[in-house]
Amino acid sequence: MADSWQQLNAKDHFNIQSKSRLSNIDEQVLSLFYEPIIGPVSFSLINWLWTHFQIEGKSAQGQNVELLKTLNVDLPTLYEARTKLEAAGLLRTYVSGVQGTPLFIFELIEPLKPDQFFQDDLLSILLLDIIGEDSYKNLANEFILTTDMPTDSKDISKSFLEIFHVASDKLQTKPDLISNIGNQAQQVSQKSVRKEIQDENDFDFQFLAEILQKSYVDTTQLNDFRTLILTEHMLYGLDETAMAKVITAATDIATNKFNPNRLKTLISEQYERQSKSPVHEKVAESDEEAVASTNENSFSAKEVALLNSVKSYDPVDFLNGIKQETGGFVTSGEQRILRELVSRQLFSTATVNVMIFYILNDRALPTLNKNLVDTIANDWSRSKVNSPESALAEIHNHQKGRDGGSHSKKRTQSGAPKRVETLPDWAKDDYTPKQRAQSLSKAEIADLDKQLSELQNRNSEEKGD
């Protein structure tokens, strides 16, 4: 079954399941940590699902129409809210009965604990960008709990076997019931997690370690923060040398202790200060060189040059280059839009760049619009766009349909042909007024000439005054 809001129906049924219950601390984390990221509609949706599961347990179920009425949204908005929950690791969606009436199963995933959230690079980066450094620090101070023991304190707590007696033969040969239930619990405890970044081919950790060996940074810490480094590299395009400088600045010179939160803040601040040269200098390469570097024969020379260019920049830099050429600037909202899009891992960064170029150049919009970006992303995902070349081909298809080409003849899912809007004659460029079927009489013409002459005389007198 294709996954898009167009496959949803208000009458679709769903079941709600979960392997855990929501605690008070979980509710606080949802409100303070997740809501700024997922937005109010997604937050209302996850609260509604959890409330019904807490009350009804495994029998919790409903229809989409209940969600539409409760949240006061339409199907596209409901679908977007659901996908945000899935991307944030709060929900897993399954579907059964695809051949007949579909049944959706919503598996609720408990939110990360505060300390786990702060160690999750994608979520913590998004939260920091949205709420700012001060609020981020306040959350950390409030939720990261530590104990403050005197330096001379000694742990005198008793162990389990010092107090409770368990027969040694049962420990060596556990009863089958214990083993079976234990194995079942172990399988259940495996949490559903978001897809993490795994493509490390374009970042050389060994080279990064060699650079840092000349500094005071303890390079043994790098493996612990591998995901963080890859995430920052993907979002901002920092190479090994630039990353080494930021890692050094985020490491305490006295203790050699690396501060991951400091790294995120430094990179965010650094990008705000950066002003890179326009991207289109790269696009301006000779057509001969560009054409020679690709085998795509279906694109023009300028499009081939664009395809080469989008593969050379990370999305935020590419956007910044286009903005500089038009005298604009990258807004914080646009950075959040791109970060959310990239974090979904639907497309490569080069494909995202094609989308940026299409919105700002082909459609001549001054800024990226979240609704438009989400609409295009959904359309491209449904069309299996998986490269900048296929993205450009999809744009061609869309333009053909919009201009009245073969794609304008597509039929709707119900089988009826799509309505093709035609311009009225008066809106066309080559329009000339048609002659009246019945000509005016001589008397009517004389009367019109008289009225026109009087109007011209009146205008002349007013100007003379």
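Just a few scattered comments:
- Largest accessible area first, the listed residues 156, 125 line up as 156, 125 when surface is computed with a 1.4 Å probe on the assembled protein chains.
- Signed unit charges on C-beta, dipole axis of the range 1-156, positive-most listed residue 94, 81, 112: 94
- Using the alpha-carbon positions of the range 317-395, Rg (one decimal) and Dmax (whole number) come out as 11.8, 35 Å.
- For the pair the range 69-107 / the range 301-339, the C-alpha centres are spaced 32 Å from each other.
- Loop chymotrypsin sites (Phe, Trp or Tyr not before Pro), the range 296-390 (other Cβ atoms within 10 Å of the site Cβ: 10 or fewer; DSSP): none
- Qualifying trypsin sites (Lys or Arg not before Pro) for the range 1-109 [loop in DSSP, other Cβ within 10 Å: at most 11]: 11
- Surface accessible to a 1.4 Å probe, residue 384 within the full protein complex, Å²: 150
- Pairwise Cα separations in the range 76-151 fall into 10 Å bins from 0 onward with the following percentages, short to long: 15, 33, 27, 15, 8, 2, 1.
- Loop-located trypsin sites (Lys or Arg not before Pro) in the range 208-263, at most 16 other Cβ atoms within 10 Å (DSSP): 214, 257
- Sites residue 70 and residue 361, calculated FRET efficiency, Cβ-Cβ separation with R0 35 Å, nearest 0.05: 0.30
- For the range 304-405, accessible area per residue (1.4 Å probe, heavy atoms of protein chains only), Å²: 41
- Accessible carbon and sulfur surface of the range 11-141 relative to its total accessible area, %, 1.4 Å: 49
- Calculated FRET efficiency, residue 146 to residue 255, Cβ-Cβ distance, R0 = 25 Å: about 0.90 to the nearest 0.05.
- Summarising the amide proton neighbourhood of residue 105: residues at separation of 5 or more, or on other chains, whose placed amide H is nearer than 5 Å comprise 15, 94, 95, 96.
- Which listed pairs, of 84/311; 58/384; 69/264, have C-alpha distances above 31 Å, in listed order: 58/384; 69/264
- Under the simplified labelling scheme, the residue 218-residue 393 pair shows an inter-label distance of 5.2 nm, with each label point 7 Å from Cα along Cα→Cβ.
- Working value for the range 3-47: equivalent-ellipsoid semi-axes of 25, 16, 8 Å, each the square root of 5 times a Cα gyration tensor eigenvalue, largest first.
- Where 258, 164 fall by accessible area, highest first, once all protein chains stay in place (1.4 Å): 164, 258
The values are calculated or read from the model by the stated rules, or taken from the named source; none is laboratory data. Predicted model only: the values in this text are computed from it and were never measured. Note that each Cβ is placed from the backbone with ideal geometry, even for glycine, and that neighbours are counted across all protein chains shown. Just so you know, the surface numbers come from the protein's heavy atoms only, side chains and all, with ligands and any DNA or RNA stripped out. Shrake-Rupley method; radii C 1.70, N 1.55, O 1.52, S 1.80 Å.
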